[in-house]
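The values are calculated or read from the model by the stated rules, or taken from the named source; none is laboratory data. Only a predicted model underlies this, so the values are computations on that prediction, with no experimental measurement involved. A quick note on method: Cβ atoms are made from the backbone with ideal geometry, for glycine too, and the neighbour counts reach across all protein chains shown. To get the accessible areas, we keep the full protein, side chains included, count just its heavy atoms, and leave off ligands, DNA and RNA. Shrake-Rupley method; radii C 1.70, N 1.55, O 1.52, S 1.80 Å.
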Amino acid sequence: MKQIFPPTIMGSRFAEGGSVLDHNFGAGDPYTLGVEEEYMLLDGETLDLVQHVEAVLAATAGHELEPHITAELMQSVLEIATPVCRTPAEVEAELRKLRTYVTGLAAERQMRVGSSGTHPFSLFERQRITARDRYRYLVDQMQYVARRELIFGLHIHVAVDGPEKAVQVVNGLLAHLSQLLALSASSPFWRGELTGLESSRQIVFAAFPRSGPPPRFRDYADYAEVVGQLEKTGCIRDYTQIWWDIRLHPRFGTVEIRICDAVTRVEDAVALAAYCQSLVKLYSERFDAGESIPSYHRILTTENKWLAARYGLEAPVMDLATGRRNRVPVAQLVRRTLKELEPHARELGCERELEGIAEILRKGNGADRQRRVWNANRDIVEVVREIADATEAAAVPA
């Protein structure tokens, strides 16, 4: 993963029971944002994936955006990362700038760019692994599980000003996993087949170790002890090899929300950034006020996540906050959450961007749009074309 928060002098060293984990929580302003998107590199004619990430990266040499563009596991994937942003409006400006730049580089090489949780018909067997030691190591360790990871995600970082607070914020966010996945789901196709799922990406990534909803940690010492045990036994090189749906990122001093599929429309990415920023502020202020932050068993959050991956915005999920015996549509929970977030969005100055969440509820998520194109003509290439068109439309200011 590319560093999107600037390096700083490492903050506190936290030690308990022999575990030590440096962190930068509180080293910068709270609630600042960083967003990462993984893009598909597409052949300009066939719209199949192409293995040309090195050519694109070479073209960025010396450009001001070079530090924000990098390779990923497969040579058909390009990752971008915004600089640190204070508001979702800044995120939008940076994403448009990056999408415009990489779209232009691709067009010069007869390629296109697409953003979606999966490519609707490309096959992982035809993809080449990027020539980097970290990716060779990953494939050597995980074999087939890594080689089939032809998926694309949206990751949102939000800065938190204390390690104990960050742990409790993550615990609070667990109840919102199904909402975030339902809003972002954009991978109904896998290997040319309409899967019946809204997010096939989640099912593919579930094979990775140390994935899915994180466990509930008591405090930062509890988290540091678990990570330390994994590191000292050689199970992982460092905590970035823990791929939970939400995780602490101590080096950046952020909570990183990783559950979202890559979304096609830049407006949706910005709305999700506003949603995450407002949620982090909500739970941070509850922590500061000494209020208890409810959290729920991993079995329950995993079940709701599965329902969102299967049914998207129509998912009948458990209402964990009220404990109702009947399930409710996840869209109903999103609307209730939006009401809770209104005052926080006002204070953050992201009310306009947060309105994009209601727009997703009205118009559907990326999976809904892909299915509509498919149902209109049963042409899967046209599905990819719509993805590319909508991704590249971000080059034009809203």
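Quick notes
- Here the Gaussian network model covers the chain, with springs between Cα atoms less than 10 Å apart; of 292, 200, 122, 292 fluctuates the most.
- The alpha-carbon atoms of the range 147-213 define a convex hull whose volume equals 108 cubic angstrom per residue.
- Residues in the range 140-146 carry Karplus couplings, in order, of 4, 6, 10, 6, 4, 4, 6 Hz; the curve used is 6.51 cos²θ - 1.76 cosθ + 1.60 with θ = phi - 60°, and Gly or Pro positions show x.
- Rolling a 1.4 Å probe over the heavy atoms of the protein chains gives the range 32-120 an accessible area of 31 Å² per residue.
- Quotient of C-alpha Rg and 2.2 N^0.38 Å, computed over the range 180-281: 1.23
- Residue separation of residue 141 and residue 238 scaled by 0.36 nm, minus their Cα-Cα distance, works out to 33.5 nm of gained length.
- Estimated inter-spin distance, residue 377 and residue 29, nm [label 7 Å along Cα→Cβ]: 4.6 nm
- Above-threshold pairs, the threshold being 28 Å between Cα atoms, out of 305/363; 97/339; 97/305; 339/363: 97/339; 97/305
- Residue 245 accessible area, assembled protein chains, probe 1.4 Å, Å²: 10 Å²
- For the range 33-144: rounded, prolate or oblate by the Cα gyration tensor [a/c cutoff 1.5]: prolate
- Subtracting the Cα-Cα distance of residue 389 and residue 314 from 0.36 nm times their residue separation leaves 24.4 nm of extension gain.
- DSSP bridge pairs, the chain: antiparallel proportion in percent, nearest 5: 90 percent
- Rounded percent of accessible protein surface that carbon and sulfur make up, the chain, 1.4 Å probe: 50 percent
- Normalised by 2.2 N^0.38 Å, where N is the number of residues, the C-alpha radius of gyration of the chain stands at 0.93.
- A helix-only calculation puts the chain at -13500 deg cm²/dmol for mean residue ellipticity at 222 nm, using -39500 (n - 2.57) for each DSSP H run of at least four residues, averaged over all residues.
- Label-point gap, in nm, between residue 22 and residue 55 - each point 7 angstrom along Cα→Cβ: 4.0 nm
- Global geometry of the range 91-182, whether rounded, prolate or oblate, following the gyration tensor of its Cα atoms and the 1.5 cut on a/c: oblate
- Relative contact order (%) - criterion: Cα under 8 Å, at least six apart; region: the range 95-189: 39 percent
- Taking 7 Å steps out from each Cα toward its Cβ at residue 355 and residue 326 produces label points 3.3 nm apart.
- Square roots of five times the Cα gyration tensor eigenvalues for the range 110-239, Å: 30, 21, 13
- In terms of Cα atoms, the Rg and Dmax of the range 295-378 work out to 15.2, 46 Å.
- When only the Cβ of Lys, Arg, Asp and Glu is charged (+1, +1, -1, -1), the dipole of the chain relative to its Cα centre reaches about 960 debye.
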